[in-house]
Amino acid sequence: MSEQSRDRIFSRLYAGCRQPSISVPQPVPMPAKTYSRTEKIEKLKTLMEAMRTEVHVTDAQNWIHKLEEILRKRKLKSLVYPPQTTLGDTLESQWKNSAGDLPQLIPYEKEIEGFKDQLFNIDAGITTTAGAIADPGALILWPSKKEPRLISLVPSIHIAVLQAEKIYSSFLEVMQKENWSAKMPTNVVLISGPSKTADIEMTLAFGVHGPKELIVLVVEEY
Amino acid sequence: MHTYPENPQKVYYFGTCLVDMFYPGAGMAGIKLLQQKGVKVIFPSQQTCCGQPAYNSGFPDEARTVARKQIELFSEDYPIVVPSGSCAGMMRHHYPKLFENDPRIDQIKKFSERIFELSEFLVHALNIQLEDQGPPIKVTWHSSCHALREMGVTEDSKSLIRQLKNVELVELQREHDCCGFGGTFAVKQPAISAAMVKDKTEDIRKTGATRLITGDCGCLMNISGAMQYDKTSISGQHLAEFIWERINDEPSTA
Amino acid sequence: MTNLQPLDFEKNVARALKDKQLIKNIKSAMDTLVLKRKNIFSNTAETEQLRVLGNSTKTNALSKLPELLERLEKKCTQNGIKVHWAETIPEANQLVLDIMKSHQATRLVKGKSMVSEEMELNAYLQKNGIEALETDLGEFIIQLNHETPAHIIVPAIHKNKDQISKIFHDNIPDAPYTENVDELNAIARKTLRHKFKQADVGLSGVNFAVAETGTLCLVENEGNGRMCTTVPGVHIALMGLEKVVEKLEDLPPMLRLLIGSATGQLITTYVNMITSPRKEGEKDGPKEVHLIILDNGRSKIFADPQRRKTLYCIRCGTCLSHCPVYNRIGGHAYGYIYPGPIGKILNPQVEGLEAAGVLATASSLCNACEEVCPVKIPIPELIRRIRNESYSKDPASTVEGHGYKSNWIESLVWKIWTFINTSPRINAAGIKVLAALGLKLPKAGPLKQWTRYRSTPEFAPQSLHELVKQNGVHNE
C-alpha cells in the first residue's frame, strides 16, 4: 500500500516539476559573524544566563573543585556520568580522594532498558560537550556509545563541561568547520538553558519535562 | 523606495471612485494643493475606478477590463497622483500582477511606475511647505493598510500634519491595526468588520482628538460611519481637505 | 475526540465574538507574541535579508521536491530509519496503528505535531484501544479538555490560568487546585514523567528534514520532544512532504526564522537533530525510528506554480498572531486544524472550496501577515486566488470545487459594475441619480449589512468630475 501511494505521490510531484515554474533565485547566505575568543565566552555566558543557565568560567586546574562546590551546595544524593571517558576517569579518581560528602557517582554503563527506573531517580547528570555556539548561545551535545543521550535529559540537574576553545561563533560556522554533513551521529542536541514553557497565559515557567537546572563549566586552557 | 520626478511641470490626477461619489472636496483639495505649487494638473474626464473592488472579490477579468480603460486615459509620460494609498497601491503594485500575461505588460509596468500617492508626491517631488492658519486642534491619524504596507507613505502623510504648527497630532495606540473596511469584507463578514471598526473608534476616542484624519476614503467612510452611528462627536476628514482648510482657513470647495 | 464540526463559519464567528473571555485571552497573548517577534527581529535590514534567504531556500527546495524527497528517503534508509509514504489521512493513521500493533504497544506519548492533528490521530488510536497522550504542556491541557489547538504554537492560549487550574483539578487524579503557574507546571511534569517512562512508542513531528544527511530536526522548549524521541524503544516521526530542505547548512537561517517568528526567541531550549536509531554499542535512544511522510493534497497544491507557495509554510504561527481577524475570533472558529491566514489559503486547497472556501472571505487583505511571514508567502495574493477560483468556471482552474460560488446575481452585478466603469457618461449619470436619492436608498443587500453598524454613506451633491469641470481643471 505504501509503495503504491509512494508511486502516485511521486508521479504527481514529477509532473508538477515539468510545469514552467517561477525563476528560482539562488539562496544568498547571511554575512558571517565572527567573534574573538573573549567575545565568544562573554556572548555565550550572557545569552545562556538570560535563559537561566548557571555559567561558571573556570580553568583546567580548578573546574573539578568548582564542580564539587556546586554539588555540595545542593546536597545531591546521586550523579550519573559517562564511564570510560576522560571525564569519567577524572571524576572517579577525584571522588576517591574526596571527603565522601559528594553525591554517589553512578556510571551509565547498562542499556536503558535495564537502567530506566534507576535513572529516573538520579538527582543530576554530568556530560561533556562537543563545543558551544556563541550566537545564539547554546551547548552542542554529541552523544555517543560512551556518553548516552539521557544523561542530559532525565535528571533534574544537568551539568555540562565545555572547553572554552571549542566555542564557535555561529551554528553555521561549527557545521562547516567540523564538516558535520559527513558525520552526523545518531543524535545531536543544541541546549540553550533549562527546560521551560510559556503555554499558560504566556507566563514563563522553568523545569517542565527536561532538567530544571542547567549548569555549565567553561574550562579555559591556559 | 519610490523614485520621484524632479521639478514636475505636469501631473495627471486620478480621483478614485469613492472620492468622486462621497468626498469630492478631498479630491479638489488635492488638486489645489498641487496647483498651488505651480504644477499643471490634468484630470482625464473619462476616468472612473481603478478596478480594485472586482480584483479583491474574485472577478479579475472584470477588474482587467476596467483597469485597461484607465491605463489608456493616462497615456502621456506624466506622473499620476492619487489621493488614496489603497488605489495607488492597486495601480502601482497590482496592475503588473493583474496583467502579467498581457502582451503589453511592459507598457503597463511603465504606467505603474508613474503612480504616486498624494502625500508622498507633495513631500518628495514638490517639497511642499505648509503655513498653518487655523486655530489649535487635536487630531489623530489612521493609516490605511495599503498606504502603510504597499505604498509605504504613512510617515510622509504624518510629516505633512506635523508641519502644521497649531495642530497637535496624537497617535493611536494601535495605529497599524486594520479598521475593518477591506472593501467587500465589510459586507461579507460584517460581524468581524464591525468588531474591528469598534476597536478602532475606541482607540480614537482614547486619544482625546476631535478629528480623525486619514488618507483613504474607504477607511474614512468606514470609521466615520461607525462613529456617527455611535453618536461619537469626533468627525473624520481626508488629509488633503484638512491640509487645504488649515493653510487657507477655508474649505477646498469654496 | 474533536471539537471540529462541519464548517458553519457564520455561526462560529458569532459564537467567538460573543465570548469576551476568549477574545481577551487571545488578544493579550497575541500582543505578547507580536511584541516578542518585533524585539527579536529589531534590525529591519537584517531581518529582510533573512526573510529573502528563507524564501529562496524554500523556493529552491520545492523546485526539486521529488528529487530531495528521494534523497531523503535514501539517506534515512541507509541510516536505519524506516520511511513510509501516506497519500491520505486514513493511510497515515493505519501506518501508525500498524507500527504500534507490530510491537503490541498500547501506550503512545506524543510531542507536538500539527500533522498528527491534521490526521486526528489521537481519536483514531483511541478507537483502536491505544492511549495517545499529549506531552507538550499546551496540548496536554487541551487534550484533558477534549479540544483541538487554538493556535499553531500555543495551543491552549485561549484558556486563562483559572480555566486551566480547573481542567487540571477535574481531570488529573490527586491534583490540588492551584492557579500558580509554577505549581501547575510541576503537576504536569510529575504526571508526564511517569508516562514517558512507561510508554511503548514515542511520536513527534518534524520541523525540517535534511535530504543531504537524512536528518530530522525538531525544536522545542520543554524537553518533552526529547523524551518522546529518546526514552521509548520506538520513535515515529510524522511530516508533511513539503518539510524537506536540501542541506544541513540550510538549518541555521531557517531555524532563526522559525524560532524568532514562533516564540520571539533567538533559539529554543533544545534543537534536536536525529539521524538514526540506536546504533550498536549505544545505550539509549529508540531501536526503531520510522518516518511517515504525508501527502494529503500537498502534491496537488505543488503542481500549480502559484499555489505551490502555500507549501513554503514552516508553521511558525506568526501570521495568526498578527491577523486582525484571528485576533477577534480565535482559532476554533476556522473549523479546521490550521487557523488564521495560512488556514485561509491551505484549508480550501486541501478540503476543497465547497467545504472551506468561505474562509477566504474572512480577510480584509490588510497584508499584516505577508509583512511578517518568515518565508515571504504572498498570502493576500493566494487569498485572491482562492476567491477567483471560487467563482471561476474555467476548466483550467486547478482548485477542487472551483466555481462553487458562481451565481448569476453576482456575475450580473460585476458585469454592470464593469459596464458603468467603462462608460463614463453612464457612470456620471448614475452617480447623479444616486446623489439625488441620497439617504433614501433602501437598506437592502450589502447596504443592509453596512448599516447594521454604520450610518448610511451620503452621496455628495456634486461629484469630483463636476467640481473639476467647474474649477476649469484641464482635461488633457
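Quick look at the values:
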item: 0 to 90° range, to nearest 10: angle between helix C:408-422 axis and chain C longest Cα axis; result: 50 degrees
item: Label-to-label distance, nm, for residues given as B:Thr3 and A:Val28 (7 Å Cα→Cβ offset); result: 1.8 nm
item: Value of relative contact order over chain C, rounded to a whole percent, pairs C-alpha under 8 Å and six or more apart; result: 19 percent
item: Hits among aspartates and glutamates - C-alpha to C-alpha of B:Lys138 under 12 Å, sequence gap 8 or more where chains match; result: B:Glu168, B:Glu171
item: Chain C: angle of helix C:89-102 to the longest principal axis, Cα-based, in degrees nearest 10; result: 10 degrees
item: Sulfur and carbon atoms: percent of accessible area, chain C [1.4 Å]; result: 54 percent
item: Accessible surface buried upon B-C contact (total; probe 1.4 Å; Å², nearest 100); result: 5700 Å²
item: Sparsely packed GluC sites (Glu not before Pro) within region B:155-201, loop by DSSP, other Cβ within 10 Å at most 16; result: B:Glu171, B:Glu175
item: Taking region C:411-470 and dividing mean pair separation by its residue count, relative contact order in percent (alpha carbons under 8 Å, at least six apart); result: 34 percent
item: Förster-model FRET efficiency, 25 Å R0, B:Glu250 and B:Thr210, C-beta, rounded to 0.05; result: 0.85
item: Counting DSSP beta bridges with both ends in region C:186-285, the antiparallel % (nearest 5); result: 55 percent
item: Cβ-based net charge around C:Asn421, under 14 Å, with every Lys or Arg adding one and every Asp or Glu removing one; result: +1
item: Those GluC sites (Glu not before Pro) in region C:24-67 that DSSP places in a loop and that have at most 14 other beta carbons within 10 Å; result: none
item: Rounded tilt (10° steps) of C:424-437 against the dominant C-alpha axis of chain C; result: 90 degrees
item: Over 24 Å between alpha carbons, listed pairs A:Lys196/C:Lys195; A:Lys110/A:Lys166; B:Lys110/C:Lys393; C:Lys18/C:Lys112; C:Lys243/C:Lys376; result: A:Lys110/A:Lys166; B:Lys110/C:Lys393; C:Lys18/C:Lys112
item: Solvent-accessible area, 1.4 Å probe, carbon plus sulfur percent, for chain A; result: 49 percent
item: Beta bridge orientation in region C:63-299: antiparallel %, DSSP, nearest 5; result: 25 percent
item: Nearest-10 value in Å² for the accessible area of C:Tyr404, using the 1.4 Å probe; result: 70 Å²
item: A:Ala60 versus C:Leu412: modelled label distance in nm, points set 7 Å from Cα along the beta carbon direction; result: 9.1 nm
item: For the protein assembly as shown, share of DSSP beta bridges that run antiparallel, in % to the nearest 5; result: 20 percent
item: Where A meets C: accessible area buried, both sides, 1.4 Å probe, Å²; result: 7800 Å²
item: Within a Gaussian network of chain A (alpha carbon springs, distance under 10 Å), most fluctuating of A:Pro194, A:Pro107, A:Pro82; result: A:Pro107
item: Accessible carbon and sulfur surface of chain B relative to its total accessible area, %, 1.4 Å; result: 46 percent
item: Computed accessible area, B:Asp77, all protein chains, 1.4 angstrom probe, square angstrom; result: 130 Å²
item: Estimated inter-spin distance, B:Glu202 and A:Ser11, nm [label 7 Å along Cα→Cβ]; result: 5.6 nm
item: Per residue value of the accessible surface for chain C (all protein chains in place, 1.4 Å probe), Å²; result: 37 Å²
item: Kyte-Doolittle mean at least -0.5 and Cα axial length at least 15 Å: DSSP H helices in chain B; result: B:24-36, B:217-229
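The values are calculated or read from the model by the stated rules, or taken from the named source; none is laboratory data. Just so you know, these numbers come straight off a predicted model, no measurement behind them. Please note: Cβ atoms are built from the backbone with ideal geometry, for glycine as well, and neighbour counts cover all protein chains shown. Note: areas computed on protein heavy atoms with side chains; ligands, DNA, RNA excluded. Shrake-Rupley method; radii C 1.70, N 1.55, O 1.52, S 1.80 Å.
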